[in-house]
Amino acid sequence: MYSLIVSLPLLGSFVAGVPGRFLGSKGTAIVTTTCVSLSFILSLIAFYEVALGASACYIKIAPWIFSEMFDASRGFLFDSPTVVMLIVVTSVSSLVHLYSISYMSEDPHSPRFMCYSSILTFFMPMSVTGDNFLRLFPGWEGVGLASYLSINFWFTRLQANKAAIKAMLVNRVGDFGLALGIIGCFALFRTIDFYTLFACASAFSEPNHYLISCNTGFHAITVICILPSIGAVGKSAQIGLHTWSPDAMEGPTPVSALIHAATTVTAGVSLIARCSPLFEYSPNALIVITFVGAMTSFLAATTGILQNDLKRVIAYPTRSQSGYMIFARGISNYSVSVFHLMNHAFSKALLFLSAGSVIHAMSDEQDMRRMGGLASSLPFTYAMMPIGSLSLIGFPFSTGFYSKDVILELAYTNYTISGNFAFRLGSVSVFFTSYYSFRSLFLTFLASTNSFKRDILRCHDAPILMAIPLILLAFGSILAGYLAKDMMIGLGTNFWANSLLILPKNENSFAESEFATPTIIKLIPILFSTLGASVAYNVNLLANPFLFAFRTSTFGNGLYCFFNKRWFFDQVFNDFIVRSFLRFGYSVSFKALDKGAIEILGPYGISYTFRRLAKQISQLQSGFVYHYAFVMLLGFTIFVTFLGRWDFISFWVDNRLYLIPIVSSLFLYKSVTF
């Protein structure tokens, strides 16, 4: 059963990819949706046995790489974080597959789309069920590959090509850090098995354990934690490696829902949760990821307030909420972080699929400035989208409320500089998140219409196959947090067992945040959410002349460009990093190495050089015997001269080398005489 959870999406992808052209669009859609849905059902059974039954499962399939002390077997590890991730991935993916049957029905390449979606669903469980780092790494890389293929589904579009290449290259930077972290784990622990690593972590936490690089010693556990964190930063689009996430919207909308709600972005968060026994012994690494997560949440929240693409506006909360998850791990609250990941998956999938319904109804129009007044034309979608937005901003008694507010309270009661920093930026981010969430609702559904008449006439609400996933996700966005709160983060719960480690010195309990946090601090998220919604209403519906005057002013125009251009991160990267690498690649790598050294010293260069030398030497062959006798005499004279300096030369040159000119002279003598 456990193996089928991982292998069923692969089977569906194989059927859609190989005989998919013979099955047709409906056949491949039925097969892939059935396979992913069966995987979801089996994940529910695994959740009952592993998490609720407190019975972790380890399956060793076969040996893979065995060399002296290095042992990496093929196996599956199912514990509480694993089955929670499987529930999230397979449930969202099955609903996205069902949604895609109608959404992609008019695309002639829908079998290929179903193949890509299923392979993306396969690689994510393959990553989270790995029992060692090497087993995790193929799934990790496969998620990046499947994301590249899915983003580049419409490969005839130049922007889709650019977005896919950008996502692949940026993630390669993070994957390089993860690969170095795996090497560092083996160099220190002589193993990459998770349970063995975690059991030995405390023994190597002392300051006298170092990893030497460039004649400099670094604290071993800190290095081993920081390097995989770079991989998590790349996958989860944290600050520094975040630029690929908004451009990934060039793919179809169901792909965006999969990437941001269930697969690629959540992969980095799950990696840090899996490695919690390592991070607990590295306070410096925890401080780093706390600052990274807090700055990412603020950066993404401020960037999204002036975006005009509907899908991009929904994409920025993913980065912001993943920042919450990351800094929750930085303050050693891994269970709350995983809980927030699950809650966020439902609301984000609901928002993306609702946006897809709007885009599908508006003839693929994504600019909110060309929408408006759709509340009467799309009443069902208009009812679904506010549910996802309210859950996203953490409105009281929605799913997001039960995890987002707890994260901020835990950050407040952490009583450290990093915790205080995370609380402040996280609280401000609530305001901006509420602002652009309601701004998208107002501009899309309530503002005066700016749409073309042909789009209004063709406008239609979601069909039944698109409506069913939206209804189910809406229930998840309302009830999932309430139903799972006591089970996952309740006081005294044993849901996570020993899979998530928190040292006593780092422990900040839910009870402490519940009773030690002042009431005004508890009210900050709801106050900021209400303020953001009211500002969005007044600015975008009531104060359009004021907004136009502000944008056309010098300060307003600069501020608008700063946020609309995403803090100019892309321009800075292009001017100072990308161009330098391109210049280096052309002048050094291509001209000096490829066209220079490699062609001169390579097989082609050596053969060309010997041909030229042979041609030049052949010109010395005049055919006269006395010319050859003169050359022999000259050579013999040089030989005798060197022989006279025997003592000096033998100090530097091996005596056996003199055999070469003697034998050569004998052969030359015979060739001339005969």
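Structural remarks
- Of the complete DSSP H runs in the chain, those spanning 20 angstrom or more by Cα along the long axis with a mean Kyte-Doolittle score not below 1.6 are 2-17, 220-235, 464-489, 625-644.
- Hydrodynamic radius (Kirkwood) for the chain, which is based on Cα pairs only, to one decimal in Å: 27.9
- Net length gained if the chain between Tyr210 and Thr156 were fully extended (0.36 nm per residue, minus Cα distance): 14.4 nm
- Pairs beyond 22 Å (Cα-Cα), from Lys348/Lys522; Lys404/Lys522; Lys453/Lys565; Lys235/Lys311; Lys166/Lys235: Lys348/Lys522; Lys453/Lys565
- P(r) for the stretch 248-304, from all Cα pairs and a bin width of 10 Å, is 19, 38, 32, 11, 0 %, short bins first.
- Burial ranking of peptide ranges 175-181, 99-105 (average Cβ count within 10 Å, highest at the top): 99-105, 175-181
- Ranking of Asp107, Asp79 by count of other Cβ atoms within 10 Å, fewest first: Asp107, Asp79
- R0 of 60 Å, Cβ-Cβ distance Ser55-Tyr586: FRET efficiency to nearest 0.05: 0.55
- Of Thr303, Thr266, the sequence from fewest to most neighbouring Cβ atoms within 10 angstrom is Thr303, Thr266.
- Backbone HN-Hα couplings from phi across the stretch 193-204 [Karplus 6.51/-1.76/1.60, Hz, Gly and Pro as x]: 6, 4, 5, 5, 4, 5, 5, 8, 4, 5, 6, 10
- Separation of the His109 and Ala187 label points, Cα + 7 Å toward Cβ, nm: 4.2
- Residue-averaged [θ]222 nm for the chain, counting only DSSP H segments that reach four residues, each worth -39500 (n - 2.57): -22500 deg cm²/dmol
- Shown here for the stretch 385-479: chymotrypsin sites (Phe, Trp or Tyr not before Pro) in loop regions (DSSP other than H, G, I, E, B) with at most 16 other Cβ atoms within 10 Å, namely Phe397, Tyr415, Phe452.
- For the stretch 175-319, the calculated P(r), taken from all Cα-Cα distances in 5 Å bins from zero up to the bin holding the longest distance, is 2, 10, 18, 20, 16, 12, 9, 7, 5, 2, 0 percent.
FYI, it's all coordinate maths here, none of it is from the lab. Owing to the predicted nature of the structure, the values given are computational and were not obtained by experimental measurement. Cβ atoms come from the backbone with ideal geometry, glycine included; neighbour counts cover every protein chain shown.
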